[in-house]
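S.K.: One structure, pasted below without further comment.
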Amino acid sequence: LAKTTQPISMDSYEGQEVNITCSHNNIATNDYITWYQQFPSQGPRFIIQGYKTKVTNEVASLFIPADRKSSTLSLPRVSLSDTAVYYCLVGRLSGSARQLTFGSGTQLTVLP
Amino acid sequence: DAGVIQSPRHEVTEMGQEVTLRCKPISGHDYLFWYRQTMMRGLELLIYFNNNVPIDDSGMPEDRFSAKMPNASFSTLKIQPSEPRDSAVYFCASSLPGQGRMNTEAFFGQGTRLTVV
């Protein structure tokens, strides 16, 4: 399984753009890159998913270079409510395999 | 849909007792995952099912743990006998079959906080 490495913690201020980078050097051809957000006492919540290049939705953008060995989650104009743990994971999609392995996550703290 | 429903939300039990955690996935989802979360080990995938069939149980820590999915709307995770080191938050998640190779979006329940004393 592809191992992911991301910063343990990051601080930011309200209104700033936050970029969290994740390394996944051993990503396999069938792996998709997915980011989740988790608030205390809640289950993780899906943010965004991508395979290559750039993906954007209403809450975030995901940048994936051509070699796919890393990815960057971009959160535009964060607010205090974006304080959470953000997980980068690679999802193995092959036949019936759907193994979603979480890394250690990045604790994002948004300051006023 | 009410989302993934787990019960109980909290469970306190004595060492050696049997513990059963329950999960109702979102209707129409054919993948079901069980995760365990602790401060030390983070989120660990224990087992997952596809169409009620266990696909990969390599994350199940030992024989004391077992999981079943008798039908598409119900799954259990059982620990027998329980030990203090099993104390953790256990999450259940479900997901759609996806389209082709797409879809790694899983919907998580609120979790069951298990304390074994």
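S.K.: Show the residue pairs that are 6+ apart or on different chains and have beta-carbon atoms under 7 Å apart, the first residue being within the stretch A:74-101 and more than 9 Å from chain B (Cβ to nearest Cβ) and modelled with pLDDT of 95 or more, the second being surrounded by fewer than 19 Cβ atoms within 10 Å (Cβ to Cβ) and in a strand (DSSP E or B).
M.R.: The qualifying pairs are A:SER74/A:ASN19; A:SER74/A:SER61; A:SER74/A:PHE63; A:VAL78/A:SER12; A:THR83/A:THR109; A:VAL85/A:GLN107.
S.K.: Have a look at B:VAL53, B:VAL4 and point out the one that is of a type in the set (A, V, I, L, M, F, W, C) and loosely packed, with under 13 Cβ neighbours inside 10 Å.
M.R.: B:VAL53
S.K.: Out of (1) over 26 Å from A:PRO40 (Cα atoms); (2) within 11 Å of chain A (Cβ to nearest Cβ); (3) basic (Lys, Arg), what's the single condition that is false for B:ARG9?
M.R.: Checking B:ARG9 against (1) over 26 Å from A:PRO40 (Cα atoms); (2) within 11 Å of chain A (Cβ to nearest Cβ); (3) basic (Lys, Arg), the one that fails is (1).
S.K.: Within the stretch A:41-55, is even one residue loosely packed, with under 12 Cβ neighbours inside 10 Å, more than 12 Å from chain B (Cβ to nearest Cβ), over 15 Å from the mean Cα position of the chain (by Cα) and closer than 17 Å to A:THR83 by Cα?
M.R.: Among the residues of the stretch A:41-55, not one is loosely packed, with under 12 Cβ neighbours inside 10 Å, more than 12 Å from chain B (Cβ to nearest Cβ), over 15 Å from the mean Cα position of the chain (by Cα) and closer than 17 Å to A:THR83 by Cα, which makes the answer no.
S.K.: Looking at B:GLN110 and the list (1) outside any strand (DSSP E or B); (2) in contact (Cβ under 8 Å) with a residue 40 or more places away in the chain; (3) over 27 Å from B:MET15 (Cα atoms), which single condition is not satisfied?
M.R.: Exception for B:GLN110: condition (3).
S.K.: Can you name the strands (runs of 3 or more DSSP E) wholly within chain A that have at least 2 residues being more than 30 Å from B:ASN52 (Cα to Cα)?
M.R.: Per the criteria, A:9-13, A:18-23, A:53-56, A:61-64, A:70-75, A:84-92, A:106-111.
S.K.: List the number of the failed condition for B:LEU32; all other conditions in (1) in contact (Cβ under 8 Å) with a residue 40 or more places away in the chain; (2) exposed (fewer than 13 other Cβ atoms within 10 Å of the Cβ); (3) of a type outside the set (Phe, Trp, Tyr); (4) under 22 Å from A:PHE102 (Cα atoms) hold.
M.R.: B:LEU32 satisfies every listed condition except (2).
S.K.: A follow-up question, please. Using beta carbons and a limit of 6 Å, which pairs, at least six apart or on different chains, have the first residue in the stretch A:7-35 and more than 14 Å from chain B (Cβ to nearest Cβ) and the second one surrounded by fewer than 20 Cβ atoms within 10 Å (Cβ to Cβ) and at pLDDT below 90?
M.R.: A:ASN26/A:ALA2
S.K.: Please verify whether B:SER94 is over 29 Å from A:ILE8 (Cβ atoms), modelled with pLDDT under 95, of a type in the set (Ser, Thr, Tyr) and in contact with a Phe, Trp or Tyr (Cβ under 9 Å, 6 or more places away or on another chain), treating the condition exactly as stated.
M.R.: Yes.
The values are calculated or read from the model by the stated rules, or taken from the named source; none is laboratory data. Since we're looking at a predicted model, the values are computed, not measured. For neighbour counting, all protein chains shown are included, and Cβ atoms are generated from backbone atoms with ideal geometry for every residue, glycine included.
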